[in-house]
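The values are calculated or read from the model by the stated rules, or taken from the named source; none is laboratory data. All of these numbers come straight from a predicted model, not from anything done at the bench. FYI the Cβ positions are ideal-geometry reconstructions off the backbone, even for glycines, and counts take in every protein chain you see. These accessible areas exclude ligands, DNA and RNA; they are computed on the full protein's heavy atoms, side chains included. Shrake-Rupley method; radii C 1.70, N 1.55, O 1.52, S 1.80 Å.
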Amino acid sequence: MSFTRRDTLRLAMGTAFAAAVPFKVFADVDADVAAFTGGAEIGEGGITLVAPEIAENGNTVPIEVDAPGAVAILVLATGNPTPAVGTFNFGPLAGAQQASTRIRLAGTQDVLAIAKMADGTFVQARQEVKVTIGGCGG
Amino acid sequence: MADNVTPRIRVPREASAGETITIKTLISHPMESGQRKDRDGNVIPRSIINRFTCEFNGQSVIDITLEPAISTNPFLEFQAIVPESGTFEFTWYDDDGDIYTDSKEIVVS
(Lines give C-alpha, C1' and ligand atoms only; values in the text may rest on other atoms or scores of the structure.)
Protein backbone atom coordinates (compact mmCIF):
# COMPACT_ATOMS: atom_id res chain seq x y z
CA MET A 1 0.00 0.00 0.00
CA SER A 2 1.14 3.52 -0.64
CA PHE A 3 0.32 6.69 1.25
CA THR A 4 -1.08 9.57 -0.67
CA ARG A 5 -0.06 13.07 0.31
CA ARG A 6 -3.50 13.52 1.93
CA ASP A 7 -3.18 10.34 4.01
CA THR A 8 0.22 11.34 5.31
CA LEU A 9 -1.00 14.77 6.36
CA ARG A 10 -3.98 13.29 8.12
CA LEU A 11 -1.80 10.81 10.00
CA ALA A 12 0.59 13.55 11.09
CA MET A 13 -2.27 15.69 12.38
CA GLY A 14 -3.69 12.78 14.36
CA THR A 15 -0.37 12.11 16.06
CA ALA A 16 0.11 15.77 16.90
CA PHE A 17 -3.37 15.92 18.43
CA ALA A 18 -2.81 12.82 20.57
CA ALA A 19 0.46 14.26 21.89
CA ALA A 20 -1.22 17.55 22.77
CA VAL A 21 -3.81 15.99 25.07
CA PRO A 22 -2.47 16.86 28.50
CA PHE A 23 -2.08 14.45 31.39
CA LYS A 24 -4.67 15.13 34.07
CA VAL A 25 -3.95 15.40 37.78
CA PHE A 26 -6.46 13.80 40.10
CA ALA A 27 -5.64 15.61 43.34
CA ASP A 28 -8.62 17.97 42.97
CA VAL A 29 -11.04 15.05 43.12
CA ASP A 30 -9.84 14.02 46.58
CA ALA A 31 -10.12 17.62 47.78
CA ASP A 32 -13.71 17.92 46.53
CA VAL A 33 -14.68 14.59 48.08
CA ALA A 34 -13.11 15.56 51.42
CA ALA A 35 -14.92 18.91 51.40
CA PHE A 36 -18.26 17.14 50.88
CA THR A 37 -17.83 14.20 53.26
CA GLY A 38 -15.63 15.85 55.89
CA GLY A 39 -13.31 12.84 55.73
CA ALA A 40 -16.04 10.31 56.60
CA GLU A 41 -15.86 6.79 55.22
CA ILE A 42 -17.77 6.17 51.99
CA GLY A 43 -19.76 2.97 51.51
CA GLU A 44 -21.22 1.31 48.44
CA GLY A 45 -24.80 0.61 47.40
CA GLY A 46 -27.99 2.61 47.82
CA ILE A 47 -27.09 4.99 45.04
CA THR A 48 -27.57 4.62 41.31
CA LEU A 49 -25.68 6.61 38.70
CA VAL A 50 -26.92 6.26 35.15
CA ALA A 51 -24.57 7.47 32.43
CA PRO A 52 -23.96 6.25 28.89
CA GLU A 53 -21.07 3.85 28.35
CA ILE A 54 -20.05 5.70 25.23
CA ALA A 55 -20.76 9.38 24.68
CA GLU A 56 -20.11 10.65 21.19
CA ASN A 57 -20.18 14.29 22.19
CA GLY A 58 -18.56 15.27 25.48
CA ASN A 59 -20.44 18.56 25.46
CA THR A 60 -23.77 17.05 26.50
CA VAL A 61 -23.66 13.76 28.32
CA PRO A 62 -26.98 12.86 29.97
CA ILE A 63 -26.63 11.56 33.52
CA GLU A 64 -29.10 10.58 36.22
CA VAL A 65 -28.52 10.11 39.94
CA ASP A 66 -30.90 8.34 42.30
CA ALA A 67 -30.29 7.73 45.99
CA PRO A 68 -33.43 7.02 48.06
CA GLY A 69 -33.11 8.67 51.47
CA ALA A 70 -30.33 11.06 50.51
CA VAL A 71 -30.21 14.70 51.55
CA ALA A 72 -27.58 15.72 49.02
CA ILE A 73 -25.78 14.20 46.06
CA LEU A 74 -22.41 15.42 44.77
CA VAL A 75 -21.43 14.60 41.19
CA LEU A 76 -17.78 14.67 40.07
CA ALA A 77 -16.18 14.15 36.68
CA THR A 78 -12.79 12.81 37.75
CA GLY A 79 -10.99 13.64 34.50
CA ASN A 80 -12.19 17.21 33.97
CA PRO A 81 -9.91 20.25 34.52
CA THR A 82 -12.26 21.15 37.39
CA PRO A 83 -13.86 17.91 38.59
CA ALA A 84 -16.95 19.36 40.32
CA VAL A 85 -20.12 19.01 38.25
CA GLY A 86 -22.85 19.91 40.70
CA THR A 87 -24.50 19.31 44.05
CA PHE A 88 -28.16 18.40 44.36
CA ASN A 89 -29.70 19.34 47.73
CA PHE A 90 -33.13 17.81 48.24
CA GLY A 91 -35.75 19.72 50.21
CA PRO A 92 -38.72 18.40 52.20
CA LEU A 93 -40.98 18.40 49.12
CA ALA A 94 -38.64 16.41 46.87
CA GLY A 95 -40.71 13.53 45.55
CA ALA A 96 -37.71 11.26 45.15
CA GLN A 97 -34.01 11.82 45.69
CA GLN A 98 -33.51 11.62 41.97
CA ALA A 99 -32.40 14.14 39.38
CA SER A 100 -31.07 14.17 35.85
CA THR A 101 -29.11 16.71 33.86
CA ARG A 102 -26.58 17.01 31.05
CA ILE A 103 -22.90 17.46 31.72
CA ARG A 104 -19.61 18.18 29.95
CA LEU A 105 -16.79 15.64 29.93
CA ALA A 106 -13.29 16.52 28.73
CA GLY A 107 -12.50 12.94 27.73
CA THR A 108 -12.91 9.30 28.64
CA GLN A 109 -13.11 9.12 32.43
CA ASP A 110 -15.00 7.96 35.51
CA VAL A 111 -18.04 9.89 36.69
CA LEU A 112 -18.45 9.69 40.46
CA ALA A 113 -21.60 10.34 42.50
CA ILE A 114 -21.54 10.56 46.29
CA ALA A 115 -24.74 10.74 48.31
CA LYS A 116 -25.07 12.06 51.83
CA MET A 117 -27.77 10.04 53.55
CA ALA A 118 -30.20 11.39 56.17
CA ASP A 119 -28.32 9.50 58.91
CA GLY A 120 -25.01 11.18 58.01
CA THR A 121 -23.42 8.27 56.15
CA PHE A 122 -22.05 8.48 52.63
CA VAL A 123 -22.35 6.12 49.67
CA GLN A 124 -20.86 6.37 46.22
CA ALA A 125 -21.33 5.04 42.71
CA ARG A 126 -18.90 5.18 39.81
CA GLN A 127 -19.36 4.74 36.09
CA GLU A 128 -16.88 4.97 33.26
CA VAL A 129 -17.89 7.02 30.23
CA LYS A 130 -15.95 6.75 26.99
CA VAL A 131 -15.96 10.08 25.21
CA THR A 132 -15.32 10.36 21.49
CA ILE A 133 -15.08 14.16 21.28
CA GLY A 134 -14.18 16.03 24.45
CA GLY A 135 -16.35 18.89 25.65
CA CYS A 136 -14.10 21.46 27.25
CA GLY A 137 -12.83 23.40 24.25
CA GLY A 138 -9.23 24.19 23.54
CA MET B 1 -24.53 39.75 30.14
CA ALA B 2 -26.08 36.56 28.90
CA ASP B 3 -28.59 37.45 26.22
CA ASN B 4 -31.90 35.81 25.42
CA VAL B 5 -32.11 33.85 28.62
CA THR B 6 -35.47 32.12 28.45
CA PRO B 7 -36.57 29.57 31.02
CA ARG B 8 -38.79 26.74 29.85
CA ILE B 9 -40.54 24.55 32.39
CA ARG B 10 -42.83 21.57 32.17
CA VAL B 11 -45.10 20.93 35.15
CA PRO B 12 -48.37 18.96 34.99
CA ARG B 13 -51.46 21.22 35.28
CA GLU B 14 -53.24 18.90 37.68
CA ALA B 15 -52.29 16.30 40.26
CA SER B 16 -53.91 14.44 43.10
CA ALA B 17 -52.96 15.34 46.68
CA GLY B 18 -49.64 13.85 47.76
CA GLU B 19 -48.78 12.73 44.25
CA THR B 20 -45.18 12.72 43.06
CA ILE B 21 -44.77 14.61 39.82
CA THR B 22 -41.86 15.05 37.45
CA ILE B 23 -40.67 18.55 36.66
CA LYS B 24 -38.44 19.34 33.70
CA THR B 25 -36.68 22.65 33.29
CA LEU B 26 -34.48 24.07 30.58
CA ILE B 27 -32.97 27.53 30.43
CA SER B 28 -31.14 28.90 27.43
CA HIS B 29 -27.73 30.06 28.64
CA PRO B 30 -24.25 29.72 27.13
CA MET B 31 -22.70 28.38 30.39
CA GLU B 32 -19.24 29.63 29.37
CA SER B 33 -16.92 27.35 31.33
CA GLY B 34 -13.89 29.62 31.64
CA GLN B 35 -11.76 26.91 30.01
CA ARG B 36 -12.17 27.91 26.40
CA LYS B 37 -9.93 30.31 24.51
CA ASP B 38 -10.82 32.68 21.71
CA ARG B 39 -8.98 32.92 18.40
CA ASP B 40 -6.19 35.05 19.90
CA GLY B 41 -5.55 32.62 22.74
CA ASN B 42 -7.22 34.69 25.44
CA VAL B 43 -9.30 32.81 27.97
CA ILE B 44 -13.02 33.54 27.62
CA PRO B 45 -14.14 34.47 31.15
CA ARG B 46 -16.45 32.12 33.01
CA SER B 47 -20.13 33.00 32.86
CA ILE B 48 -22.50 30.35 34.13
CA ILE B 49 -25.64 29.85 36.16
CA ASN B 50 -24.24 28.74 39.50
CA ARG B 51 -27.40 27.88 41.42
CA PHE B 52 -30.95 26.73 40.75
CA THR B 53 -33.74 26.43 43.27
CA CYS B 54 -37.30 25.19 43.12
CA GLU B 55 -39.83 25.96 45.86
CA PHE B 56 -43.45 25.00 46.26
CA ASN B 57 -45.55 27.40 48.38
CA GLY B 58 -42.35 28.56 50.08
CA GLN B 59 -41.04 25.06 50.88
CA SER B 60 -37.89 23.83 49.21
CA VAL B 61 -38.11 21.06 46.62
CA ILE B 62 -34.55 21.10 45.34
CA ASP B 63 -31.52 23.37 45.51
CA ILE B 64 -28.81 22.61 42.96
CA THR B 65 -25.30 24.01 42.80
CA LEU B 66 -24.13 24.11 39.19
CA GLU B 67 -20.47 24.06 38.19
CA PRO B 68 -18.86 24.81 34.80
CA ALA B 69 -19.18 21.12 33.85
CA ILE B 70 -22.93 21.52 33.34
CA SER B 71 -23.77 21.70 29.63
CA THR B 72 -24.93 24.73 27.68
CA ASN B 73 -28.66 25.36 28.16
CA PRO B 74 -28.81 23.56 31.52
CA PHE B 75 -31.51 20.91 31.60
CA LEU B 76 -32.70 19.66 34.98
CA GLU B 77 -35.28 17.03 35.75
CA PHE B 78 -36.45 16.10 39.24
CA GLN B 79 -39.42 14.91 41.30
CA ALA B 80 -41.69 16.87 43.63
CA ILE B 81 -44.55 16.05 45.99
CA VAL B 82 -47.65 18.24 45.75
CA PRO B 83 -49.60 18.25 49.04
CA GLU B 84 -52.05 20.99 47.92
CA SER B 85 -52.79 23.42 45.10
CA GLY B 86 -50.18 26.10 44.77
CA THR B 87 -47.31 27.61 42.87
CA PHE B 88 -43.90 26.33 41.97
CA GLU B 89 -41.26 29.07 42.03
CA PHE B 90 -38.14 28.50 39.95
CA THR B 91 -35.04 30.65 40.37
CA TRP B 92 -31.75 30.62 38.45
CA TYR B 93 -28.76 32.60 39.80
CA ASP B 94 -26.28 33.86 37.20
CA ASP B 95 -22.57 34.50 37.87
CA ASP B 96 -23.05 38.18 36.94
CA GLY B 97 -25.66 38.65 39.66
CA ASP B 98 -28.73 38.35 37.42
CA ILE B 99 -31.60 36.30 38.75
CA TYR B 100 -34.10 34.67 36.41
CA THR B 101 -37.40 33.53 37.83
CA ASP B 102 -40.48 31.76 36.60
CA SER B 103 -43.48 30.17 38.27
CA LYS B 104 -46.04 27.51 37.44
CA GLU B 105 -49.44 26.89 39.03
CA ILE B 106 -50.69 23.43 39.83
CA VAL B 107 -54.22 22.43 40.80
CA VAL B 108 -54.76 19.53 43.17
CA SER B 109 -58.08 17.83 42.59
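In table form, for the structure just shown:
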item	result
Verdict on A:Thr82 being over 22 Å from B:Ile27 (Cα atoms), hydroxyl-bearing (Ser, Thr, Tyr) and more than 9 Å from every other protein chain (Cβ to nearest Cβ)	no
Residue satisfying condition, being assigned to a strand (DSSP E or B), without any contact (Cβ under 8 Å) to a residue 40 or more places away in the chain and open to solvent by 20 Å² or more (accessible area, probe 1.4 Å), within set A:Glu56, A:Glu64	A:Glu64
Subset of the stretch A:90-126 that is of a type in the set (Gly, Ala, Ser) and free of Cβ contacts under 8 Å to residues at least 24 places away in the same chain - its residue that is farthest from the other protein chains (Cβ to nearest Cβ)	A:Ala94
Residue within the stretch B:79-93 that is within 8 Å of chain A (Cβ to nearest Cβ) and within 24 Å of A:Ile103 (Cα to Cα) present	yes
Residues (under 14 Å from the mean Cα position of the chain (by Cα) and open to solvent by 20 Å² or more (accessible area, probe 1.4 Å)) located in the stretch B:23-36	B:Lys24, B:Leu26, B:Ser28, B:Pro30
Residue that is basic (Lys, Arg), out of contact with any strand residue (DSSP E or B) (no Cβ under 9 Å at 6 or more places or on another chain), open to solvent by 60 Å² or more (accessible area, probe 1.4 Å) and modelled with pLDDT under 95, where the choices are B:Arg39, B:Arg46, B:Arg13, B:Arg8	B:Arg39
Some residue of the stretch B:60-70 being surrounded by fewer than 17 Cβ atoms within 10 Å (Cβ to Cβ), in contact (Cβ under 8 Å) with a residue 24 or more places away in the chain and within 13 Å of another protein chain (Cβ to nearest Cβ)	no
